[in-house]
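Please read the structure below before turning to the comments.
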Amino acid sequence: MAVFRETVPRTFQEKLFELNWSVVLLLLLLGAVGVGMLYSAAEGAWNPWASRHFIRFLPGIAIMLVVALLPPRFWMGMAYPIFLGALALLVGVEFFGESVNGAQRWLDIGPIRMQPSEIMKIAVVLALARFYHDLPPEKVNSAFGLLVPAFLIGAPSALILHQPDLGTAVLVVVTGVAIVFLAGLSWRIIIGGGIAAAFAIPAFLRFGLEEYQRRRIFTFLNPEEDPLGAGYHIIQSKIALGSGGLTGRGFIEGTQTQLNFLPEKQTDFIFTILGEEFGFVGGLAVIGIYALVLANTVAIAAACKSTFLRLTVMGIATTFALYVFINIGMVTGLLPVVGVPLPLISYGGTVMVAVLFGFGLILGAHIHRNAEPPRGAGLFG
Amino acid sequence: MKSDRQEQQLKFTRRALMMGAGGAAVFTALGARLYQMQVVETERYRVLSEDNQFNFLLTPPSRGRILDRFGVPVADNRDSYRVVMIPEQAGDAEEALDRLGRIIEITPEQRDRILRNVQRAPRFRPVTIRDDLDWGSFAAINLQTPDLPGIIPEVAEIRDYPSGTAFAHILGYVQPASEIDAGNDQLLRHPGFRIGRTGAEAAREDTLRGSAGSLKVEVNAFGRVIRELPEQSNPAVPGEDVRLTIDADVQRFAYERLDGESAAAVAIDVESGDLLALASTPGFDPNLFVTGISQTQFNALNQNEFRPLFNKALQGTYPPASTFKAVVALAALEAGVINTTERITCTGSIELGNRTFNCWRRRGHGRVNLRDAVKSSCDVFFYEMAQRLGIDRIASAARQFGLGSAPEIGLAGVSRGIVPDEQWKLSRYGQRWSQGETLITAIGQGFMLASPLQMAVMTARLASGRSVSPRLYLDQPADQGQELVHDPAHLDIVRDALRAVVHEPGGTSYYSLGGLGVEGVEMAGKTGSSQVFSISAAEREAGVRSQSELPWRLRDHGMFICYAPADRPRYAVATVVEHGGGGSRAAAPPARDILRLLIERDPSAAGPFVQNTHGRQPT
């Protein structure tokens, strides 16, 4: 920290100089891995996925940089409006959403087709960070300090669950809880909450899930029970990974991938292509890149002076880590199939933009790590 | 305030590091999981991956052909164009059929069947949509396959019966195995694979079928074949050909000669027992069954009064009637109850107890010896023989000549017929045998029943004097049997009488035949008419006088047995014409024509008329 100035950079050039280039490079590397894997998923062709992934990546990076250059004060001011907007969109999905695979997730607004739940992942983080930034630390464990975050987490996750999208709902809840934890929740409440959850989760599994979600979870517990139905994904995915061995079968040589035994391989199951074609070495390398990204973000968070930036960085990092963990855990058969993409590698525009937007906030936090916006600071105030 | 802030930052850093450590632990767990799958258990997954990647496709064997005795195929295989649907690839089966329906016709009946099959089978298993398409439709489908996902045009072998109808009863036909037959046999479940259902196709299934091969292929997840690996595959072993003793030309001739009647003809080589023709009319086109007969077509066959699906040559049983008298005559000579000179007076009837037994010739034959009696088919003479022999000796002679037991020719459903005796009647009806029944048995009426095949065998045995057994397949050993008579002179007497039936005035078929029609070759024969209905005195008065005035169903069955040459018998023919009226009129001319063809075709027979016109040698 000594090499950096203790002041906040103001000019464009200063800010660009302060950009955390190692994180940017790691993200570019992940995007490149994604392009490569999508090239293989199409049996060695740029179309339909690799080229579009690449083309989407460029504006994504641009958005990331713009987000990073904007001052924290701006994002603080935007936190609640963004949250309320995202909440409104989620309600909109309830009524006007487009159904894909039996779940209402997409909203068509003119030329843009989007998943409001992706926006909400970031909106919850910003809203919570803003809330704790404004909240005096001693009030964290007060009734007010508990109920507002409970609403900020509960309302969107309930709407997302109702779409139904269990994966994203879990993601939002866990991320939110992580922020609450980082904000200084007392251990007494943590332990009490833990015990309450131990009772609530079985009840939730029993009554709070759609039939297909429950089936997925049970299939996860015993995939061989239903080898051509719901268990098919998991079985084929495990075969692909396992047969990859130590060094893999070579680029575009994976039979599971190339012979189409893996459904949805370009989206949620893209890690299996990597595992099959590049083996344990390739899989571990990608996990390593993610770990490096995360280690960097934790360091960035620790260096931030303001609560808003710290919690924002850690919240986004948590979401990102959960993405990676749930996705890889899912394809390796450790977790149920819940439909979470592998960030920056899986094909899918909304998720990529959302992730890069999030990293824009992280990089922005790094640039403005010394900024200390006062409590209750407004948009430009 | 300041220290408060620092403390808060410290608390945050501590908790952030805790989360970081948690994250590290979770990522380590992922790495460990990958290690377990990709390094420790990789072999297991490699095997599963290969199971996915490679498949063994069953290659059905080519079915053996069925040939006639000269090697002419009568059941063959031809290329058939068909179209199948793989429901998994087709998506909505109804839509796929709609699309295909614009190119080829799919009847509502077929559509129902297809949709039923789609429902029943696993979605990756092909379902036949239409078999045996013409080339035009097939080409049209091929052209449009890009727009028809899951619809696959195929070329396959299908059974073909080039001579169709004339051979239907011998060959039977092939059909897809039923769900029950197929069980778990992948070959039987293979679409388009057919097994013999009836006839020789069924009886010789083991020889004809061959065994399936397997083709190792690389497949993708949809089961589409990416690559074939013939070097790692086993070729199918084609079925063996089966060679019949039948002469295809004679068979066709016999069939056509009888066509229009409900009739049967059997031609047999009296030395080897080879069946040369085994015709039953009307027949049916076995090809219909191969490609799938419609309910209407089947009903038409099944409900036809002439019973085309029934093999009358083997399965039909009829009273042998007067044709049996030759056997009784021989038995009487062998038993010594008659000689060639003794004459019996026929007054047109005899009395036995309180019953009158009529001769077919109401005014009687006068004084007849054995030769006259056979020639003119005198019933009264044989009533006398019946009394002298008794039923046991008559029945035993009948059995010696092949009646009362089913000949083993390697086809299913061959009738045993009936040779009645005291024992038989007791067990069948619980009644005692009566003397009168002996009398009518001796003229081949009453309880006695024989199939045309049995009548042919009986004739062959009379002609050869040996207990020849019929055979249908050339790969089965010929059985020439034992000598049947103690004194060959007795046989000569009966044969001479049978020759007289055709060649001498007064013979029952002298006027209808008068000879074989081949110069220098004489034939021998015996007529028979079995009564289906007695014309009553009342009807006679009412004006119904002859058979031709009766409704078809009530007319007599006509039958005729014959062999030639009369002096050195070689071929025998038996015919039955159901409700054809008398034997001499309905059954004798076709039998004679078949016999003549056999003599003309015989390569070993001497004379200008017996050249082998087809230049082929029997093997």
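Listing for the model above:
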{"quantity": "Output for region B:473-498, where each listed residue is buried (at least 23 other Cβ atoms within 10 Å of the Cβ) and in contact with a strand residue (DSSP E or B) (Cβ under 8 Å, 6 or more places away or on another chain)", "calculated": "B:L498"}
{"quantity": "Where a residue in region A:132-144 is of a type in the set (F, W, Y) and its partner, wherever it lies, is crowded, with 16+ Cβ neighbours inside 10 Å, with Cβ under 6 Å and at least six apart", "calculated": "A:Y132/A:A183; A:Y132/A:T307; A:Y132/A:L311"}
{"quantity": "Qualifying residue in region B:580-600 (condition: modelled with pLDDT under 75 and either surrounded by fewer than 20 Cβ atoms within 10 Å (Cβ to Cβ) or not polar (S, T, N, Q) (or both))", "calculated": "yes"}
{"quantity": "Within region B:38-51, considering residues that are facing another protein chain (nearest Cβ under 7 Å) and surrounded by fewer than 20 Cβ atoms within 10 Å (Cβ to Cβ), the one farthest from the chain's Cα centre (by Cα)", "calculated": "B:V39"}
{"quantity": "Helices (runs of 4 or more DSSP H) within region B:441-560 that include 1 or more residues at pLDDT 90 or above", "calculated": "B:452-464, B:488-503"}
{"quantity": "Region B:171-193, residues that are of a type in the set (S, T, N, Q) and under 21 Å from the mean Cα position of the chain (by Cα)", "calculated": "B:Q175, B:S178"}
{"quantity": "Any chance B:A300 is out of contact with any helix residue (DSSP H, G or I) (no Cβ under 7 Å at 6 or more places or on another chain), farther than 26 Å from B:G465 by Cα, in a loop (DSSP other than H, G, I, E, B) and modelled with pLDDT under 90", "calculated": "no"}
{"quantity": "Exclusive hit being touching a Leu at 6+ places or on another chain (Cβ under 6 Å), in the same structural domain as B:T575 (by TED's automatic domain parsing) and closer than 16 Å to B:M458 by Cα, set B:L276, B:L314", "calculated": "B:L314"}
{"quantity": "Scan of region A:276-317 for residues that are facing chain B (nearest Cβ under 7 Å) and touching a Ser or Thr at 6+ places or on another chain (Cβ under 6 Å), ordered by number", "calculated": "A:G279, A:A302"}
{"quantity": "Selected residue (only one of B:S376, B:S415 is at negative phi and either outside the structural domain of B:F447 (by TED's automatic domain parsing) or under 30 Å from the mean Cα position of the chain (by Cα) (or both))", "calculated": "B:S415"}
{"quantity": "Only one of B:V83, B:V74 that is in contact with a Ser or Thr (Cβ under 7 Å, 6 or more places away or on another chain), away from every other protein chain (no Cβ under 14 Å) and part of a strand (DSSP E or B)", "calculated": "B:V74"}
{"quantity": "Criterion (surrounded by 24 or more Cβ atoms within 10 Å (Cβ to Cβ), over 24 Å from B:R243 (Cα atoms) and within 25 Å of the chain's Cα centre (by Cα)) met by exactly one of B:T459, B:T441", "calculated": "B:T459"}
{"quantity": "Search result, residues across region A:35-73 that are within 28 Å of A:C304 (Cα to Cα) and not in a helix (DSSP H, G or I)", "calculated": "A:L70, A:P71"}
{"quantity": "Selection status of A:G333, farther than 27 Å from A:P137 by Cβ and small (G, A, S)", "calculated": "yes"}
{"quantity": "Positions within region A:258-275 being part of a helix (DSSP H, G or I), at the interface with chain B (Cβ under 10 Å from one of its Cβ atoms) and among the polar types (S, T, N, Q), in sequence order", "calculated": "A:Q258"}
{"quantity": "All positions within region A:172-201 that are under 20 Å from A:E211 (Cα atoms) and surrounded by 12 or more Cβ atoms within 10 Å (Cβ to Cβ)", "calculated": "A:A200"}
{"quantity": "Selected residue (criterion: farthest from the other protein chains (Cβ to nearest Cβ)) from residues of region A:237-257 that are β-branched (V, I, T) and either within 27 Å of the chain's Cα centre (by Cα) or crowded, with 18+ Cβ neighbours inside 10 Å (or both)", "calculated": "A:T257"}
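The values are calculated or read from the model by the stated rules, or taken from the named source; none is laboratory data. On a predicted model such as this, the values are computed, not experimentally measured, just so you know. Positions of Cβ are backbone-derived with ideal geometry, glycine not excepted, and every protein chain shown enters the neighbour counts.
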